[in-house]
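Inspection log for the structure reproduced underneath, given as structure tokens.
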Amino acid sequence: MPVRRFIIFLARQMPIESPVACMSFSLLFLLTAAYFLPQTARFARTMPLLADALDGNRYGWCGLYLFEAAGVGAALVCVGIFQARCLQLCYPDYFDPYADAGAAQWGWRSGARRPGGLCLAGMRVEDDDLRTSVLITGVTGSAKTAGVLMPALAQLFHAHCRETAEELSREKFQKLGAFIPEVKGDLVDGCLYLAHEAGRCVARDVIVLSPCSRIPVVRYRDEVGRFWFLSARGGAGGSDAGAFLPPLSFPAGHPRAGRRIPATIFETEGDAAGVWPELVRLSVGRDSRRLRFVGWRWRGSRLLRVGHTAGRDQAVPLLDAAGGRQWAEPPRSLRVDGLVQIDNGVHYNLVDARLPAAEAAERITRVAAMLRGSASRGENDYFYDQARKLITACITLHRAIDPKPCTVLDIVRLAIQDSRLGAALAALEEKMAELRSEAAAEPTGDWARRRLAPLQDLAAYFLEEWRRMVADGKTATVIKSVVSGAFDVFLRDPDLAETFCQPSTFSFEDVVQAGRIIALVPGERYEQLGRLLGAACKLDFQSTMLARASRPDLNSARLALYFADECHKYITAGSASAGDPYFMSLSRSNNVANICATQSYAWIVEVLGREAANVYLSAFGVQFWLQQTDPETCRRAAEICGRVTREKVSAEHNLDFVGVVGTLARGGAVAIRHQVREEEGERFRPEDFAHLDVGEAIAYNKGRPGRSAKVVKGRTRYLFCTRQPEGTTAVSERAREYYREILENLTFERGQARCWDCWPPLAPPASA
């Protein structure tokens, strides 16, 4: 082991950057060791003077033989060094000097310890380095996602993919839990593919939160009257129902008459209703396509009825009344017969029911301020403070009179609808009257009085302070606009109200307790609102992760990941006790890895402001810079990489032909002066970052030992899933398979597995 590490260390000191040159030198030293050096004694015997000198010395020939052996050994060591350098140049992710012996980067031998950390563009990032946060910076098209983010996610999934009894006892390498807010649209699809390839059952481990909680399913009728179902949701690559849709145009009279009907037409019931007469008239031949029917699996040329997915690629057959498997011949042609909506069971309450009213209001207000791009707004801070106070009062009022969890819908209605507020205050008065009766009936009445006091203060706030603001007119109007401006969209959009204004069906505690991967996919229809949703979910995730240190019931051994591309969309600043910098400063002790990517530092400055951006950027202990055009990013990257001292050798002489002849005639020596100077300069100049090729990266890791090892320049390695077109097709197929498995599992758990039977036709599953 020490010899191996020493050889690799020598190889890294070589300035050679060409694998061809390394192979040439390896071949030269190999020939020297195999043919030239072993012939030294024979050559010496052919030279009389040398042979006589060796014969006359007692140890002459013995010393020559030792020289041969030492020379052969040295030549073989050189062969190893050049081969090591060649492997480092060709396979930087596999051949790393800091990797554990016997552990490969993308897998491990039987009995070998699983590798942790990452290796990207020649830079090794250990487990502890991951917990100091990683930032990837690069312009559009610089391979930021394909070359760094996706390989990083793949390596983490492979290292943290299984949970056996032995692994749980060692408390290491448990299944990775993560929160992934989507921006581009295809990141979550890639996550589904990589998690599946790493051995995870994505239908069980991945929760996709989207504004629309209902999954559309298109029902078809075949030539003999049987029913077949295709999912109309499938991720960024399109759905099975959309792919089966033939080329059609919107009919005359439609606002988009003449344009082609998109494959996402089934996602919105109103859009589908507008072209429904066109769809039901079409009969489409299946041809040789192996359609992904919900509740069925292809087995050769026939279809097998399945009920649910128990594990990775483990579809459990649904047996008939006699206990036998059910088979069906595939249909030859299909006609659209109906559209079914299945609730995916993923709902999230933006108002955390576990938090006190003041803390929940603080979080809601911070999200509203971030949505408006508010950092410090001078006199408007007063209105935001009053809005937070109003939200706190609304949450407290709802919790006092209604056993159901408070949602943003309840807050908006109480804040802007006077009739709703009046009814709530009347119910509050009845509640206080009951508590007064209890206090009078009890011998001491302490418990009832303790509950009564805050309700009296709450009623006083609405009846006195808030009433004065309403009478003032302007003050109450501005405060109401702060609340309604951020959240009244939930009043107008039933999809949002159904998804984000109901009791939560999952918790971010699932990330650490069960290794769940929670992904937020706002979609192109909710691009602006996605920032609000992402920020709210991120704050919930961060508070849960910070609670690991104080709550012994939470699993503190599992690695949790915050994985954000275009992270500037969800950044939240704060004080010394809040915001992203504060969370990242505590990530190491809470076993959380933050991997974020953005285009340049300028985006961070635009969102946070100069001072807050400096605090945010300083929280990253590991940084990767890809091709960059922002001058400030290039300058700061060069400063972080630091300066280096290099030796410069120069030869000085003043000779001509006559001088050389005269000097040699006098028996003198020709003098050539060699001068060695040390020069200090930047390791990388700012313009070097702009001149990087696509796929090249410069990485800095503050946790790496040794000065030269902290900065590495290398090339990223692309994964199959990012390759066009076969890789992206495989990712799309995995996303479609995920939604089919989700539909099957949902109906199986609800006792509706028979709804996917083809015949005899059964009633479609309930939409609710």
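The values are calculated or read from the model by the stated rules, or taken from the named source; none is laboratory data. Note that this is a predicted model, so its numbers are computed, not measured. Cβ sites come from the backbone with ideal geometry, for glycine too, and all protein chains shown count toward neighbours.
Any residue that is modelled with pLDDT of 65 or more and under 28 Å from the mean Cα position of the chain (by Cα) - is there at least one of those in segment 642-662? No: segment 642-662 contains no residue that is modelled with pLDDT of 65 or more and under 28 Å from the mean Cα position of the chain (by Cα). Based on what the data block shows, is Arg226 of a type in the set (D, E, K, R), buried (at least 21 other Cβ atoms within 10 Å of the Cβ) and in contact with a Phe, Trp or Tyr (Cβ under 7 Å, 6 or more places away or on another chain)? Considered against the rule, which asks whether it is of a type in the set (D, E, K, R), buried (at least 21 other Cβ atoms within 10 Å of the Cβ) and in contact with a Phe, Trp or Tyr (Cβ under 7 Å, 6 or more places away or on another chain), Arg226 comes out as no. Of all the listed residues (Gly80, Gly71), the sole one being surrounded by fewer than 17 Cβ atoms within 10 Å (Cβ to Cβ) and either modelled with pLDDT of 70 or more or of a type in the set (Ser, Thr, Tyr) (or both) is Gly71.
Trp298 passes every criterion in (1) in contact with a strand residue (DSSP E or B) (Cβ under 6 Å, 6 or more places away or on another chain); (2) in a strand (DSSP E or B) apart from (1). From the list Leu291, Leu279, Leu304, the lone residue that is assigned to a strand (DSSP E or B), assigned by TED's automatic domain parsing to the domain that holds Arg740 and either out of contact with any Pro (no Cβ under 6 Å at 6 or more places or on another chain) or surrounded by 12 or more Cβ atoms within 10 Å (Cβ to Cβ) (or both) is Leu304.
Summed over segment 247-268, residues that are out of contact with any strand residue (DSSP E or B) (no Cβ under 7 Å at 6 or more places or on another chain) and assigned to a helix (DSSP H, G or I) total 1. Going by the structure shown, is Val622 assigned by TED's automatic domain parsing to the domain that holds Ala549 and over 24 Å from Gly703 (Cα atoms)? Here the answer is no, as Val622 does not meet what is asked.
Is it the case that segment 228-240 has a residue that's of a type in the set (S, T, N, Q) and part of a strand (DSSP E or B)? Steps first, answer last, please.
Going residue by residue through segment 228-240, those that are of a type in the set (S, T, N, Q) are 231, 239.
Among the residues that remain, those that are also part of a strand (DSSP E or B) are: 231.
Scanning segment 228-240 turns up at least one residue that is of a type in the set (S, T, N, Q) and part of a strand (DSSP E or B).
None of Arg516, Arg525, Arg492 is farther than 30 Å from Asp385 by Cα, at pLDDT below 90 and not hydroxyl-bearing (Ser, Thr, Tyr) except Arg525. Scanning segment 329-353 for residues being over 23 Å from Ser210 (Cβ atoms) and of a type in the set (S, T, N, Q) gives a total of 1.
Residue pairs whose Cβ atoms lie under 8 Å apart, separated by 6 or more positions or on different chains, with the first residue in segment 272-288 and over 17 Å from Ala232 (Cβ atoms) and the second among the basic types (Lys, Arg) and surrounded by 14 or more Cβ atoms within 10 Å (Cβ to Cβ), are Ser283/Arg335. Filter segment 474-514 down to the residues that are without any contact (Cβ under 8 Å) to a residue 40 or more places away in the chain and in a helix (DSSP H, G or I), then identify the one that is farthest from the chain's Cα centre (by Cα). This residue is Lys474. With respect to the conditions (1) in contact with a strand residue (DSSP E or B) (Cβ under 6 Å, 6 or more places away or on another chain); (2) farther than 19 Å from Arg221 by Cα, Arg290 lacks only one, and its number is (2). For segment 108-221, the helices (runs of 4 or more DSSP H) that sit wholly inside it and include 1 or more residues that are at pLDDT 90 or above and among the small types (Gly, Ala, Ser) are 150-159, 187-197, 202-205. Here Ala547 passes the criteria (1) more than 19 Å from the chain's Cα centre (by Cα); (2) touching a residue at least 24 places away in the same chain (Cβ under 8 Å); (3) closer than 17 Å to Arg354 by Cβ except the one numbered (2).
If Ala400 passes every condition in (1) of a type in the set (Gly, Ala, Ser); (2) buried (at least 16 other Cβ atoms within 10 Å of the Cβ); (3) in contact (Cβ under 8 Å) with a residue 60 or more places away in the chain but one, which one does it miss? That leaves (3) as the condition not met. For segment 555-585, taking the residues that are at pLDDT 90 or above and of a type in the set (A, V, I, L, M), the one that is nearest to Ser142 (Cα to Cα) is identified as Ala564. Checking the structure you have, find out if any residue of segment 188-201 is closer than 23 Å to Phe266 by Cα and among the small types (Gly, Ala, Ser). No: segment 188-201 contains no residue that is closer than 23 Å to Phe266 by Cα and among the small types (Gly, Ala, Ser).
Could you please let me know if Asp553 is among the charged types (D, E, K, R) and either closer than 24 Å to Asp128 by Cα or within 22 Å of the chain's Cα centre (by Cα) (or both)?
When the stated conditions are applied, Asp553 passes them.
Only residues that are buried (at least 16 other Cβ atoms within 10 Å of the Cβ), over 16 Å from Ala415 (Cβ atoms) and out of contact with any strand residue (DSSP E or B) (no Cβ under 9 Å at 6 or more places or on another chain) were counted in segment 464-496, giving 2.
Tell me which residues, restricted to segment 286-300, are within 14 Å of Val336 (Cβ to Cβ) and over 37 Å from the mean Cα position of the chain (by Cα).
Listed by number, the list holds a single entry, Arg286.
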